[in-house]
Amino acid sequence: LKRRLDQSTSLLIGLLFGLSPLVLSQAGAVMSEVPYLFFVCVFLLWLDRPKPGLKAAGLLLALTQLRPAGLSLLPAALARPLREKRWKDAALMAALPCLGAAAWSLWSYYASGQVEEIKEISLSYQANPLRHFSAIAADNLKFFLSSWGASYLPARWGEGPAALSLGAALGALSLWGGLRLLRKDPCDEAALMLAGALFMHGAWGWRYERYLIPLLPFLLWTCARALGAKSRAVFGV
């Protein structure tokens with residue numbers, strides 16, 4: 001974050017992340033979200049280099065094997081090399097995770113006769129894909145905004161309109177900050193990573209609060225970009 005914000009705002013976001021009930025409630029659970037976030041941060045640091053090359057592609061492969069959700073990182077990984085016409089880098093960045101996903105899918109099919117994620121997608125969208133997409137996206141949006149807002153409120157307000165209202169306000173700030181970042185640099189890797197993850201979780205038929213863990217630092221980062229100089233006061237409160 002210190003590469004993208006001033007030091008005090010970066011520190012506040014780190015504290016808000018580390019002390020968030022969303023994170024602390026999962027502290028004793030063996031789940032993939034926290035190691036996934038760690039490798040996403042390493043991956044973004046590698047992408048900041050002039051020629052990330054094979055190491056970044058290898059990290060992307062590891063991320064997609066750690067969580068299939070890692071495939072949502074492809075737009076962030078490919079946007080800049082495609083814009084700069086670095087076709088070899090783009091091909092390498094796409095090939096490794098796609099080959100890994102294909103090998104994993106073949107193994108899953110051989111072991112159980114199906115790929116679980118494909119089965120879950122078909123269950124979610126089997127009858128009317130367009131109508132189901134809008135319904136799932138609306139439900140997911142309400143759930144995740146309420147969960148995010150509730151994490152800053154007393155527990156008794158956690159499922160009421162206050163949580164949704166606060167989450168919606170934060171979501172609007174994050175959206176505005178993300179759009180400002182992409183207007184300045186359409187290939188901003190962290191902003192594209194966040195956009196890809198939000199689209200994926202919006203369309204996915206399953207939702208858990210822990211899905212917010214890898215996104216939380218970047219949601220707060222985009223809020224800070226929207227708030228500008230006011231971000232330290234808001235985050236302090």
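Residue 174 meets all of the listed conditions (1) out of contact with any Ser or Thr (no Cβ under 6 Å at 6 or more places or on another chain); (2) open to solvent by less than 70 Å² (accessible area, probe 1.4 Å) but one, namely (1).
In the set (1) closer than 25 Å to residue 37 by Cβ; (2) not in a helix (DSSP H, G or I), residue 85 fails one condition alone, (1). Taking residues in the stretch 27-41 that are free of Cβ contacts under 8 Å to residues at least 60 places away in the same chain, and partners anywhere that are of a type outside the set (A, V, I, L, M, F, W, C), the pairs with Cβ atoms closer than 7 Å and at least 6 places apart or on different chains are 32/67. Are any residues in the stretch 109-134 small (Gly, Ala, Ser), open to solvent by less than 50 Å² (accessible area, probe 1.4 Å) and not in a helix (DSSP H, G or I), and if so, which ones? Across the stretch 109-134, the qualifying residue is only 113.
Yes/no matrix, rows are residues, columns are (1) in contact with an Asp or Glu (Cβ under 7 Å, 6 or more places away or on another chain); (2) within 24 Å of residue 41 (Cα to Cα); (3) open to solvent by 50 Å² or more (accessible area, probe 1.4 Å):
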{"position": "136", "(1), (2), (3)": "no, no, no"}
{"position": "143", "(1), (2), (3)": "no, no, yes"}
{"position": "148", "(1), (2), (3)": "no, yes, no"}
{"position": "152", "(1), (2), (3)": "no, no, yes"}
{"position": "179", "(1), (2), (3)": "no, yes, yes"}
{"position": "183", "(1), (2), (3)": "no, yes, yes"}
{"position": "208", "(1), (2), (3)": "no, yes, yes"}
{"position": "226", "(1), (2), (3)": "no, yes, no"}
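Screening 100, 70 for residues that are of a type in the set (Gly, Ala, Ser), farther than 30 Å from residue 235 by Cβ and in contact with a Ser or Thr (Cβ under 6 Å, 6 or more places away or on another chain) leaves exactly one candidate, 100.
With respect to residue 165, is the statement that it is among the hydroxyl-bearing types (Ser, Thr, Tyr), at pLDDT 95 or above and crowded, with 17+ Cβ neighbours inside 10 Å true? When the stated conditions are applied, residue 165 does not pass them.
Contact map, the stretch 136-160: first residue without any contact (Cβ under 8 Å) to a residue 24 or more places away in the chain and over 17 Å from residue 173 (Cα atoms), second residue open to solvent by 30 Å² or more (accessible area, probe 1.4 Å) and among the aliphatic types (A, V, I, L, M), Cβ cut-off under 8 Å, separation 6 or more or different chains; pairs are 153/162; 153/166. The residues of the stretch 66-118 that are of a type in the set (Phe, Trp, Tyr) and either in contact (Cβ under 8 Å) with a residue 24 or more places away in the chain or more than 23 Å from residue 47 (Cβ to Cβ) (or both), listed by number, are 104, 107, 109, 110.
The values are calculated or read from the model by the stated rules, or taken from the named source; none is laboratory data. Computed from a predicted structure; not experimentally measured. We place every Cβ from the backbone using ideal geometry, glycine too, and count neighbours over all the protein chains shown. Quick note on the areas: whole protein, heavy atoms, side chains included, nothing else; ligands and nucleic acids left out. Shrake-Rupley method; radii C 1.70, N 1.55, O 1.52, S 1.80 Å.
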